[in-house]
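Mind looking over this structure? Questions follow.
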Amino acid sequence: ALPGNQDDKLKKSQEKAFKAANLLKKLHKRLKTDYGKSWRQDLDEFLFNSEQEVVEAFSLFAIINQEQIPTRDISFRFQHPDSYKMVKTTIQVSERAYVFGLLDCIGELKRVILDSMNRNDFDFSRKVYEQMQDLFGKLEIFTEYSNSVSDLKPKIDAARHILNDTKKILDK
């Protein structure tokens, strides 16, 4: 975004993330109604990408706003369809989607750091890098499960590469 326009872009992006989470919440309810309590066990793979993207978006917003990264129970607000009231609700994502979404967030954080460096906001870049490093440290422990969870090891390796590359850029 152009300087001075970042807040507007951030607000619009956040609204889109809230809409996506609301659609996912509706789908969860529908699946639970149509398939019963075991819908997650049977249909989890179909929702994986959507849940992963929601985790990535909400985690990115939290870090940019210097807030705590959400848990698997992601809280958000949306406009109730029958009124103009904003309603707070929560959606729970699968464990796998949560971990993969957080790993993807690391790549987005690199973009945030590069953008803030282009705006000469080096203090913010450093703060985001510290959070990026902390997040990776918490996710790296999942390497020991990489033989039993498909595609986990390449995701962790990619995140490690992004972290190291970002450090080199910051140290220049």
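Please identify the DSSP H helices in the chain that span no less than 20 Å along the helix axis (Cα) and have a mean Kyte-Doolittle hydropathy of 0.0 or more.
39-64, 95-118
Sorting check: for 42-52, 137-147, which peptide has the highest mean count of neighbouring beta carbons within 10 Å, and how do the rest follow?
My ranking of the peptides, most packed first, is 42-52, 137-147.
Using a Förster radius of 41 Å, what is the FRET efficiency between residue 11 and residue 164 based on their Cβ-Cβ separation? Nearest 0.05, please.
The formula returns an efficiency of 0.80 here.
If you roll a 1.4 Å probe over the stretch 16-144 with all protein chains in place, what percent of the accessible area is carbon or sulfur?
49
Out of [x] 17.5, 56; [y] 15.9, 48; [z] 15.5, 44, which label holds the value of Rg and Dmax of the Cα atoms in Å that was computed here?
This structure yields the entry labelled [x].
Further, regarding this structure: I need the calculated FRET efficiency for the pair residue 148 and residue 37, taking r as the beta carbon distance and R₀ as 22 Å, to the nearest 0.05.
E between residue 148 and residue 37, to the nearest 0.05, is 0.35.
Shifting gears a bit: For residue 117, tell me the accessible area in Å² from a 1.4 Å probe, rounded to the nearest 10.
Surface open to solvent at residue 117 totals about 40 Å².
Give me the percent relative contact order of the stretch 48-172, please, defined on Cα pairs under 8 angstrom at least 6 residues apart.
Averaging sequence separation for qualifying contacts and normalising by length gives 23 percent for the stretch 48-172.
Just to verify a number: what accessible area does residue 99 come out at with the full protein assembly present, 1.4 Å probe, Å² rounded to tens?
Result for residue 99: roughly 20 Å² accessible.
Please calculate the 1.4 Å probe accessible area of residue 29, with all protein chains present, and give it to the nearest 10 Å².
Probe radius 1.4 Å; accessible area of residue 29 about 130 Å².
Using a 1.4 Å probe, what is the accessible area per residue for the chain, in Å²?
64
The values are calculated or read from the model by the stated rules, or taken from the named source; none is laboratory data. All values reported here derive from a predicted model rather than from experimental measurement. Cβ sites come from the backbone with ideal geometry, for glycine too, and all protein chains shown count toward neighbours. These area figures cover heavy atoms from the full protein model, side chains too; ligands, DNA and RNA do not enter into them. Shrake-Rupley method; radii C 1.70, N 1.55, O 1.52, S 1.80 Å.
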